[in-house]
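None of the figures in this text is laboratory data; all of them are computed from the coordinates on show. Computed from a predicted structure; not experimentally measured. Cβ sites come from the backbone with ideal geometry, for glycine too, and all protein chains shown count toward neighbours.
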Amino acid sequence: MDIFLQQIINGLTTGSVYAIVALGYTMVYGVIQLINFAHGDVVMVGAMVAFTVIMGVVGMGLPLPPFMIVLAGVLAAIPACMAVGFLLERAAYRPLRHAPRLAPLITAIGMSIILQQVALLIWGRDPRAFPQIMDNPSFAIGGAAISAVQIAIILLSVALMAGLTWFVYRTKFGIAMRATAENVNIAGLMGIDANRVIAGTFIIAAALGAVAGVMYGTYYGIAHYTMGFILGLKAFSAAVLGGIGNLAGAMLGGLLLGLVEALGAGYIGEFTDLCRWPVVSAMLAERCAADGHVVLFGSNYQDVFAFAVLILVLVFRPSGLLGERVSERA
Amino acid sequence: MNRKILGFVLIGVALLILPHVLTQVGTAWVRIANLAILFIFLSLGLNIVVGMAGLLDLGYVAFYAVGAYLWALLASPHFGLHLPFWIILPLGALLACIAGAVLGAPCLRLRGDYLAIVTLGFGEIVRIFMNNLSTPFNITNGPKGITGIDDVSIGSISFATTDSFFGIPFTGPVKYYYMLLALLLLIIIVNLRLQNSRIGRAWVAIREDEIAAKAAGINTWNVKLLAFAMGASFGGIAGGMFAAMQGFISPESFVLHESIIIVAMVVLGGMGNVWGVIAGALLLSFVPEILRYTVEPVQMALFGRQLVEPEVLRMLLFGAALVLTMRFRPAGIWPESRHRREMSEARGAGA
């Protein structure tokens, strides 16, 4: 099996999910310069609602094709998340729109905690296993395997990204969004209702998050009330990597981050195997002879890569790969 | 003035008697009081970073962890080292201070909200390392944590056992209480002195308007780094005390939730005001404990079963504290006098 190609495929799959979540961060940031901390938890709500609906439909024993059942889950998750996104904006962020920057950020952290605990109350403390209702055949390409779910995730996110790009650049609402991102006051003078645009942005971001949640849940087969935190953090890193506020940047950043993580996790064990290093291996000759490997950092350090990328980007190119704005304190 | 002194004396006497009263209620409450004092340490440390300098640090618990692990490694059977506390405690503060500076150096040029995320990521990295540094060389003992950590001992008095002075029994937790109280007094004095010092004023200036602060001749980067490093060293001290008090630490004690709890204490109490932060820390330490003892019986009586676990209620309380404070009382329940002064001055000018 070709490890390199396999990790590329895995990386593209998780990267697509990161990209979709990152779009949610970047859209909201673009319009009101707020890091919506709770976005990861909106994604979690999407996964949980979809899980409940799928289990419910399976439990009823209707003779539906598996694909339809999953679709039902997605279709239930989207409005649920849209409602959560709308409420977040309306109840928590809107009253603070003219407050100092720290205030909405702290509120966002508070909302993230509240969403998590409410989810814990509804769905319980244990991880929920997504039911494996679809058979998931694998196809061989060039010494690696790609599963049907992976193909579906990649294709679906490409479609979503294309759809969103069309929406933002070709529809009236999209133009209003870009105008608001450029300058809220002047957009208001042009007859744009900023409140509507901002609420709409939150709702669209939440809908994308819902789909991402279901993709994540089906890919890893699990949903948990804390899953949004680390996923959100990684997606945010992806958005920063691409240049926050920039749609194409979020997509590129997501895919790149997925690849970095997959390749990093695939190879870090090999690179930090102390027995391969000349001087150190001599010092550890006994253990190397006994075990063959003394791995300093294994693939359990996978999550470190996203943060390392985040810190490196912020230090060396704070505007991100495709961003134009400089992120000095304004 | 005399009234003020009398007030302080009364509070002092009350604090001195408190552990013996609490022992009558239950030793658990002495431990809770000790943890509350630790949370005051942490909140005061974070207050320097968030409250005074206005830098949102969401990975503060990482410095707490550094202090705790340093103590655990240097005073436990894990490495067979048993150094005395007066070596480890300053060392922990120093190490946490260095960690703060190393993390702060690259990040402090960034805008505030980026800093929040980077510190969050840093906290997560530290946790991942604590969990995984058990192979190939066992440093942290992984998720199992480190057990059998030495208690503090001063001369012949060990904090692990019960001694009698003047016929009054002093249990281990009670001794820790007095030690923590003494440390707390020291830390409060340091904080009060800082608040009105040149550095403290520079921090507040940066919080209010960084560009104006720069124009006034403040080297903002240096001063911010100092805030970060100082805040971190307070966390390191608190961590060391925590490890000694508990005798056991594992990565589970240093998760993101802990960082957010500390942020909530600072925010609720009043960012920048030492007394407000103390009030916030006390409030958010004791209310959840009281809930822990009352929620279950009340729910059993009302519904016949437990619907909401106390732990969930506790976190909901912290979340709500953050959201509601920002919405209705952004300066906290006990705002900094400077804030209040500015408010009243603005009103006076308007009239």
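Some notes on this structure:
- Centroid-to-centroid, using Cα positions, the stretch B:1-80 and the stretch A:88-135 are 30 Å apart.
- For chain B, the membrane-span-like helices by this rule, meaning whole DSSP H stretches whose C-alpha atoms cover at least 18 Å of axis and whose Kyte-Doolittle mean is 1.0 or above, are B:2-25, B:27-46, B:61-74, B:85-107, B:172-195, B:256-269, B:274-303, B:310-328; this says nothing about an actual membrane.
- Shielding by partners for peptide B:119-132, expressed as the average number of C-beta atoms from other protein chains within 10 Å of each residue's C-beta, is 4.
- Kirkwood estimate for the stretch A:3-316, i.e. one over the average of 1/r between Cα atoms, Å: 20.8 Å
- Peptide B:203-212 is shielded by partner chain Cβ atoms: per residue, an average of 1 of them sit within 10 Å of its Cβ.
- Surface/4 estimate of mean projected area, convex hull on alpha-carbon atoms of the protein assembly as shown, nm²: 37.5 nm²
- Think of it this way: in chain A, A:Cys81 stand alone, with no other Cys Cβ under 4.7 Å.
- Relative contact order of chain B, pairs being alpha-carbon contacts under 8 Å that are 6 or more residues apart, as %: 29 percent
- Those lysines that a straight Cα-Cα span of less than 17 Å connects to B:Lys214, excepting residues fewer than 8 apart in one chain: B:Lys224
- Normalised contact order of the stretch B:1-108, rounded percent, pairs of Cα under 8 Å and 6 or more residues apart: 15 percent
- Average beta-carbon neighbours from other chains, 10 Å sphere, peptide A:98-104: 5
- Note on chain B: with a GNM built from Cα contacts shorter than 10 Å, the maximum mean-square fluctuation among B:Gly240, B:Gly142, B:Gly26 falls on B:Gly26.
- With viscosity 1.567 mPa s and temperature 4 °C, the Kirkwood radius over alpha carbon pairs of the stretch B:1-110 converts through Stokes-Einstein to a diffusion coefficient of 76 µm²/s.
- Measuring nothing but alpha carbons in chain B and taking Rh as the Kirkwood radius, the Rg to Rh ratio lands at 0.98.
- The stretch A:198-234-the stretch A:1-71 distance, computed between alpha-carbon centres (Å): 5 Å
- The mean sequence distance of close C-alpha pairs (under 8 Å, at least 6 residues apart), as a share of the length of chain A, puts its relative contact order at 32 percent.
- Structure remark: mean-square fluctuation, Gaussian network model of chain A, C-alpha springs under 10 Å; the largest value among A:Gly221, A:Gly209, A:Gly243 belongs to A:Gly221.
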